[in-house]
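Where a number appears in this text, it was derived from the coordinates with a stated rule and is not lab data. Treat the numbers as computed from the prediction; the structure is a model and nothing was measured. Here the Cβ is made from the backbone with ideal geometry for all residues, glycine too, and neighbour counts use every protein chain on show.
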């Protein structure tokens, strides 16, 4: 296994503006009738629309990702996906304001999983504005070339208090890829994802699935403030699968959330805490 000790604690700082256009475009892509105006709070998790790398074509791999070795370590395993993350929200980021983002590679962990060799990379992002801060940890996983997961996926919980059905199509995946400058071909190139990566269809972005859970919270608990959100991807969701964003609340006020596919298997699980 490669040695990536020199990549630990590697840091990068970016400064950018939370422009109203991106928020408006995303609200429209999600089918929402009103977008947040300049000076209004940016919805939780929408910070992923900003601070994007304009990757030159010479720095782009055949899979559409940036070539490795610029900020993330040059791991040789061919498949890269976002496995989950943890977020903490302090105060509020505001549409139209300037923010600073500090990114740090915190941990690199090789493992052996059901599909072979894996390397998990934990990257911390801290985004700060005048009156708010988001601290986010990404779990990025690199793995071998097998497309299908081994074994049966777990079943989704059956006792949801809130259920919102979704069926994202190719247009939404294209728009989300464009709005987040995500060139990964598994989200828009059907020939590539089926013939090269071995999946049965276009894959719905992990952060887009998480967004549907964030939007459930924003709609159903509008009078509360989100303090933390932890999530983990369990299996891919493909265009045409259809799924439900689900939620239940326990006696302590914690939210259990999950993405359940039409076949009642679990695709993503999450927890959230409200103020």
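The distance from the alpha carbon centre of the stretch 1-39 to that of the stretch 229-249 is 21 Å, rounded to a whole number. Between residue 114 and residue 3, the C-beta separation translates, for a Förster distance of 30 Å, into a calculated FRET efficiency of about 0.75. The orientation-averaged projection of the convex hull spanning the C-alpha atoms of the stretch 50-209 amounts to 11.7 square nanometres.
Is the shape of the stretch 194-240 rounded, prolate or oblate, going by the alpha carbon gyration tensor and its root eigenvalues a ≥ b ≥ c, with a/c under 1.5 for rounded and a/b larger than b/c for prolate? It comes out prolate by the Cα gyration axes. Rounded, prolate or oblate for the chain? Axes are the square roots of the Cα gyration tensor eigenvalues, ordered a ≥ b ≥ c, and the cut-off for rounded is a/c under 1.5. Taking the square roots of the gyration eigenvalues as a ≥ b ≥ c, the chain is rounded. Each listed q (0.28 Å⁻¹) maps to a log10 I(q)/I(0) for the stretch 164-210, found by the Debye formula over equal Cα scatterers with no solvent: -1.07.
In the chain, helices alone account for a calculated mean residue ellipticity at 222 nm of -4500 deg cm²/dmol, with every DSSP H run of four or more residues adding -39,500 (n - 2.57).
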